[in-house]
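Okay, so here's the structure we're looking at.
The values are calculated or read from the model by the stated rules, or taken from the named source; none is laboratory data. This one's a predicted model, so the numbers in the text were calculated from it and none came from an experiment. Neighbour counts run over all protein chains shown; Cβ positions are idealised from the backbone, glycine included.
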C-alpha cells in the first residue's frame, strides 16, 4: 500500500493510496477544518499576560498583605451596596460604624491569606473574591423578595424551596442570565487555571500556613472583644436589622459558626433544681372527663389588615376574625420572625422555647430536632389523656415535619399527601384552607373516647404575591401601594386574607354544631414579604401579629399581649392545665407579673432550654422522659376495594377509599405510573401487571417517602382476555387485618427529606 498527497484546490487536500492496482482518494481537510484547528491552536497557544516582572506588580507583591486588606475593604463595601440596594446606605454604614466595617473586612482578609499557600495566587484571589461577591449578590436578590436576609440556615432549605410552587426569587429571564453568567465565569476560571500566571517566588508553606492559622485563631477573641465593646452583637432580635447594623459578612459568617446553644456559665444541677422549685404553678385542675378539645391553628402569613396604616379597603377584609376578637380572648402576638420562618414561630408555640437562644437565622427543626427529642405541648397534653394530632395542607417533609413531629411526641400527622386536595387558590400555587375543615372533623372523630389536641398549619395565604392583576372584580377593593405592581400585590394578598377569613367562619360554624367542648386558638405566624417597614405598622413593630380565640363553654374573655413562646402557657393556664417544664415556668412568671425583658426571666428560661435540649436533663433527673413517638401519618385507612380492567384491556382501574392526588400504585414493590381519577378511583396501565402481581396503594411524599399504605391485593388475570375483556378482576376479601395499613414511622427511620419546602420558605 502506497500513499500519495495531492492538493485539489486551495483549502482542500487529498491523500490517496493504491490497492489492487487502483488509486483511491481520501479527502482529509478543508477550510472549515483548518479554521477549527486554528481555534484549538488559539486555545492551546493562548496565555494571560505575565506581568510578574512589571515594577507595579512587584511592588504589590512586596506589600501584598496591605493590598489584600484594601481588597477586603473594597469587597465589603461592594457587598453592602448590593445587599442594601443603595450606594449611599453603604457609605453611611462605613462612616457611622467604621470599626464594624473593618471587622467585616478582617473576615474577608483572613480568607485571602489562603492565596499564600499556592503558586496560582491570582487564581485563588479571584476565586475567593468571587465567592464573597456571590454571597452578597444572593443576599441582594433575596432581600428584593423578602425581609429576612440570606443566612446559612437557608442552604438547608434549598430542597424545600425547590418544592414550592410559584415562589421563585428570579424570573425565567433572570434565571437564564444567571446560568449564562455562571457558565461564562466557570469557563474563565478554568481557562485562567491552565493559562493564568503563576507566582515565581518560593512558597513558604509552613510560614504562610502559620500566618493563616494565627489570623483565624485570633478571630474568636477579637469577636468577643468587639461584642463586649458593643461594636458587634451576638444576638439579633431583628435579623434584618442586625444585618444592617453589623454588616453582611459578619452576620452571614456568624450564622455558619454560631449554631445551637452555648452552655450557660451557671449551668448546674443545683441551678436547674432551684429554677424548677421556684415555679409556683398549681397542679392541673381540669377534670379528665371534662377536658375540652384544644385546637391551635397557625395561619400562614396572616395579619390584621387594619394594622397597615397605608392601605384602605372597600369593606372589612376579615369580619369573622374581628367578630371573634370582640367576643373572645385576643391580643398581639410577638413572633420571632418576619417575612419568612414559619417553622420558628411554630417551634416557639409548641415548645415554649425561644429562637433567640439559637444561632442567627437557625431553624431548630433542621438542626437539633433532627436527632434530639423535645418536650412539647403534644407530650404534656398527651400525659393527661389527650390524643395529639398535627394537620397541614402542605407536604409532610416540608421543614422535616414528619420527623420533627415524632420528636415532639405527636400521635398522628395528616399532611397534604393524606388529603384529597383538588382546590387551589387563584394562581394555583397553594391549596385552599377549606380542606382543613373536613380534615379537622375526621381527626376529632378518629378518637371518640379521648379529648383531642390539634395543631393545624394553614398555607393558602403563602407568598409569593403576584405583581400583576389577578382579580377582575376583587371582593375587597384595596387602595394603596406606591406603584401599580405593589398595588396588585397588596390587592391579591388582602383578598387571600379575605378567603382565609371565610374559612375561619366556616370552621367555627362547623365546630359549634358538634356536641364537644372545644377551644380554638388562631394566630398569624409572621408578616408578609412585601417590603414592610416599622413605620408602616400601627404597632411600629414588624414582629407583631394577632391572635384570637373561640370557645363554646363560656371561657372568660381575658385579652393579653403575649409572645409566641408564652401563648400555649397562657391558654392552658386559663383551662386549668398546668403541665410541662417550659409551660409551667412561663405560667409562673406571667402570673407573678414578671416582664419578658426581665434579666432573671430570660436567664432562667435559657438555662431550662439548654438543659432540655443540650444538657443533662436535670429537670427530668437525667431520664429520657419524653421519647419520640411512633408517628402515624393520617387518621383514615387507605383501602383497595376491587379492580376492573378496561374494555380495550389497556388500563386497570382500582376502586377504593381515601385516595388522594398523591396516591401511587406499587406493583410487586415497584412504583408505577398512576393516574388519579377521584378519591375512590385510580388507574394504571395493564402493561405493568402480570398474573399474580401484588398491588398496594401508597401515599407518597417528596423523595418517594411512603407515608401510609393500603391493604395488599393480588391481581389474577382472566384466562381468556378476548372473551372476558370487560370482566372485573377478582381480588381477595379486604375485611382482614391488613386493610388500610397505616405507616408507623419509627423515630430512627423517619425521613426529613431536605430535598422537599417550604424555605427561605415562609
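What the table below lists for this structure:
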read-out: Boolean, residue 704 is surrounded by 14 or more Cβ atoms within 10 Å (Cβ to Cβ) and modelled with pLDDT of 55 or more; value: no
read-out: Residue 542 vs. criteria surrounded by fewer than 23 Cβ atoms within 10 Å (Cβ to Cβ), within 25 Å of the chain's Cα centre (by Cα) and within 30 Å of residue 608 (Cα to Cα); value: yes
read-out: Index of the failed condition, residue 280 passing every other in (1) surrounded by 15 or more Cβ atoms within 10 Å (Cβ to Cβ); (2) outside any helix (DSSP H, G or I); (3) in contact with a helix residue (DSSP H, G or I) (Cβ under 6 Å, 6 or more places away or on another chain); value: (1)
read-out: Enumeration of residues in segment 359-399 that are crowded, with 24+ Cβ neighbours inside 10 Å and modelled with pLDDT under 90; value: 360, 361, 363, 398, 399
read-out: Spans of helices (runs of 4 or more DSSP H) in segment 322-435 with at least 3 residues closer than 30 Å to residue 255 by Cα; value: 342-351, 401-407
read-out: Flag if residue 511 is touching a helix residue (DSSP H, G or I) at 6+ places or on another chain (Cβ under 6 Å), assigned to a helix (DSSP H, G or I) and surrounded by fewer than 24 Cβ atoms within 10 Å (Cβ to Cβ); value: no
read-out: Residues satisfying the stated conditions in segment 594-625, i.e. in contact (Cβ under 8 Å) with a residue 24 or more places away in the chain, over 26 Å from the mean Cα position of the chain (by Cα) and in a loop (DSSP other than H, G, I, E, B); value: 596, 615, 616, 624, 625
read-out: Segment 514-532, residues that are assigned to a loop (DSSP other than H, G, I, E, B) and within 22 Å of residue 466 (Cβ to Cβ); value: 525, 526, 527, 528, 529, 530, 531, 532
read-out: Given (1) assigned by TED's automatic domain parsing to the domain that holds residue 520; (2) touching a helix residue (DSSP H, G or I) at 6+ places or on another chain (Cβ under 6 Å), number of the condition residue 269 does not satisfy; value: (1)
read-out: Output for segment 196-229, where each listed residue is modelled with pLDDT of 85 or more and either touching a strand residue (DSSP E or B) at 6+ places or on another chain (Cβ under 8 Å) or part of a loop (DSSP other than H, G, I, E, B) (or both); value: 229
read-out: Residue tally, condition outside the structural domain of residue 331 (by TED's automatic domain parsing) and touching a helix residue (DSSP H, G or I) at 6+ places or on another chain (Cβ under 6 Å), over segment 283-321; value: 0
read-out: Segment 134-157, residues that are at pLDDT 85 or above and either more than 15 Å from residue 75 (Cβ to Cβ) or out of contact with any helix residue (DSSP H, G or I) (no Cβ under 7 Å at 6 or more places or on another chain) (or both); value: 134, 138
read-out: Selection count where residues are surrounded by 21 or more Cβ atoms within 10 Å (Cβ to Cβ) and farther than 16 Å from residue 695 by Cα, scope segment 643-657; value: 0
read-out: Number of positions in segment 340-372 that are out of contact with any strand residue (DSSP E or B) (no Cβ under 8 Å at 6 or more places or on another chain) and closer than 25 Å to residue 447 by Cα; value: 1
